[in-house]
1. Only one of (1) closer than 30 Å to B:L33 by Cα; (2) surrounded by 15 or more Cβ atoms within 10 Å (Cβ to Cβ) is not met by A:G198, so which one is it?
2. Pick out the one residue from B:A83, B:A75 that is under 29 Å from A:M114 (Cα atoms), in a helix (DSSP H, G or I), touching a residue at least 24 places away in the same chain (Cβ under 8 Å) and within 11 Å of chain A (Cβ to nearest Cβ).
3. Do any helices (runs of 4 or more DSSP H) entirely within region B:142-230 hold 3 or more residues that are within 8 Å of chain A (Cβ to nearest Cβ) and without any contact (Cβ under 8 Å) to a residue 24 or more places away in the chain, and if so, which?
4. May I ask you to say which residue of A:R171, A:R134 is more than 10 Å from every other protein chain (Cβ to nearest Cβ), more than 24 Å from A:R68 (Cα to Cα) and of a type outside the set (S, T, Y)?
5. Any residue at all in region A:108-122 that's more than 24 Å from the chain's Cα centre (by Cα) and assigned to a helix (DSSP H, G or I)?
6. Of the residues B:L87, B:L74, which single one is touching a Gly at 6+ places or on another chain (Cβ under 6 Å), open to solvent by less than 10 Å² (accessible area, probe 1.4 Å), of a type in the set (A, V, I, L, M, F, W, C) and closer than 23 Å to B:P189 by Cα?
7. Looking at this structure, is B:V122 within 14 Å of chain A (Cβ to nearest Cβ), under 30 Å from B:A73 (Cα atoms), among the hydrophobic types (A, V, I, L, M, F, W, C) and assigned to a helix (DSSP H, G or I)?
8. Can you tell me how many residues within region A:140-159 are more than 8 Å from chain B (Cβ to nearest Cβ) and open to solvent by 20 Å² or more (accessible area, probe 1.4 Å)?
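The values are calculated or read from the model by the stated rules, or taken from the named source; none is laboratory data. Owing to the predicted nature of the structure, the values given are computational and were not obtained by experimental measurement. Glycine also receives a Cβ, built like all others from the backbone with ideal geometry; neighbour counts cover every protein chain displayed. Accessible surface areas use protein heavy atoms only, side chains included; no ligands, DNA or RNA. Shrake-Rupley method; radii C 1.70, N 1.55, O 1.52, S 1.80 Å.
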Amino acid sequence: MSVDVLVLGLLGAILGLDVVSFPQAQISRPIVSATLGGAFMGNAGVGLVCGVLLELFAHETLPFGASRYPEWGSSSPIAGAAAAAGAAVGGVPMSLLFAVPFGLLTASIGGWSMVQMRQLNARMARKRLDALARGSARTVAGLQVAGATADLARSGAIAVIAALVALPTVRWIAVQPAPLAPYAMPMLAALGGAVAAGAAWKMFHSTSGTRWFGIAGLAVGTGLVMLLSR
Amino acid sequence: MTASTPPVTPRASPAAAMPSLPASTRLAISLRLFAIQASWNYEILIGNGIGFCVEPALRLLPGGKGGEAYRAALARQSQYFNAHPYLSSFAVGALARAELEGQPAARIERFRTALCGPLGSVGDRLVWVGLLPICSFAALLLFGVGASAVVCVLAFLLMYNAGHVALRLWGLQMGWEKGLGVATALGHPILREGPVWLARAGTFLAGAAVPLAVMRLVDGGGLARTGVTLATAALGANTLVLFHGRVEGWRLALLAGFAALVLFLLRHA
């Protein structure tokens with residue numbers, strides 16, 4: 001258990017660093033990071049399902065500069081790992097019904113922690129404005145390293161705390177009898193689909209011609225659904 | 001950043017020959033670009049990151065690292081700056097060249113200020129509302145048609161980072177080539193028309209991917225169960241669009257998810 005938490009903390013720290021500080025390769029996106037978390041717990045497939053659900057929600061939260069947005073890098077791997085840990089001892093739907101909202105909550109807390117860290121970075125920079133104005137290379141590099149280190153520590157701490165809460169909780173929830181469990185996946189899928197479709201409209205509707213592209217895509221998607229659902 | 005910067009004497013006229021940038025310096029700048037936001041803060045935003053990225057080029061100034069020209073240039077480049085992180089590479093390349101050409105300090109500072117707006121708005125439309133959602137919806141489409149975890153993850157990362165890395169390196173090259181005339185590069189078809197076509201592709205992919213992803217998520221139960229779930233999602237999407245700007249869907253989902261979890265557990269108890 002403690003080794004799992006430590007490794008997940010390290011994974012969350014690295015993936016959390018990717019969100020803004022380095023290298024912004026989007027390994028922090030839920031579809032990647034939750035899958036990695038699930039794979040670490042031995043079930044990449046359940047991690048992927050958790051990641052897809054979180055990814056659907058993530059379309060609504062784009063990482064625009066100074067705005068506050070959920071931080072997926074440290075939260076998604078824990079959600080994916082929790083889903084896989086629950087699936088190992090009990091039912092997948094109830095594990096996901098815990099892991100997905102838990103991932104959203106942790107991402108929200110992560111977003112808040114990023115704002116605090118940026119304020120800390122600002123205080124560090126303010127204290128060193130004179131050195132920056134003198135052209136001190138040491139100060140410039142020092143601020144970069146300090147910022148990245150603080151971000152790594154921040155995301156690692158969030159991931160460790162989240163893992164400490166999520167793993168035992170999901171193992172308890174997954175083995176509880178839940179007659180309504182078959183409704184969990186349709187509910188989560190409907191919520192995710194609604195948020196992603198609404199987000200797509202918000203992102204693209206102001207560009208000319210997108211309506212017809214959307215209708216064409218919907219026709220292709222619906223056609224494939226009918227074909228594959230038989 | 002109110003303290004005055006040491007004066008620097010221009011060493012060349014604007015019409016001077018293009019200075020050369022050694023491969024090792026170019027490589028150092030390219031690598032540093034990936035950490036440009038490491039000290040992002042509410043005081044100078046990515047200003048320190050710009051200084052950090054330009055610094056290897058400034059070592060080529062007369063007097064070398066630590067010389068008067070170097071320190072003056074680094075002080076200028078570490079002031080407030082705001083732009084999209086990927087498109088900041090245009091600024092880094094252009095500013096490195098301007099400094100090595102010995103452009104007047106006041107001109108560099110004016111140019112630096114003028115670059116912030118365009119690099120921010122173009123980058124947001126091209127990357128955050130273009131490349132990123134497209135790659136994400138493409139990965140969801142693959143998931144929907146039954147691709148494995150490895151395929152979904154690798155396809156997303158390869159597609160996204162092909163665009164991401166190319167944009168950073170191309171920006172650095174264009175910035176270095178054009179120098180203070182880099183504004184002309186911002187009229188490049190990729191930057192001007194790219195966001196429009198990415199939005200169209202994104203809408204198509206969203207339309208195709210969301211129903212397929214939902215279908216695979218409900219997995220089993222056939223067309224009726226998938227149809228009901230999709231109809232519910234469409235109704236929810238319409239509601240979110242109607243309340244656009246007032247309601248955030250992911251926050252509602254968080255509350256709904258936990259409420260359902262409690263209900264499902266209590267239902268048995």
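1. Unmet for A:G198, out of (1) closer than 30 Å to B:L33 by Cα; (2) surrounded by 15 or more Cβ atoms within 10 Å (Cβ to Cβ): (1).
2. Working: B:A83 fails: in a helix (DSSP H, G or I).
Within the list B:A83, B:A75, the selection yields B:A75.
3. On the way: elements: B:149-178, B:189-192, B:194-218.
Result: B:149-178, B:194-218.
4. Working: A:R134 fails: more than 10 Å from every other protein chain (Cβ to nearest Cβ).
Checking each option against the conditions leaves just A:R171.
5. Filtering region A:108-122 for residues more than 24 Å from the chain's Cα centre (by Cα) gives A:122.
Okay, now just the ones that are also assigned to a helix (DSSP H, G or I), so A:122.
Yes, the conditions are met somewhere in region A:108-122.
6. Values: B:L74 fails: closer than 23 Å to B:P189 by Cα.
Going through B:L87, B:L74 in turn, the sole match is B:L87.
7. Working: within 14 Å of chain A (Cβ to nearest Cβ): yes; under 30 Å from B:A73 (Cα atoms): yes; among the hydrophobic types (A, V, I, L, M, F, W, C): yes; assigned to a helix (DSSP H, G or I): yes.
The answer is yes for B:V122.
8. The qualifying residues number 8.
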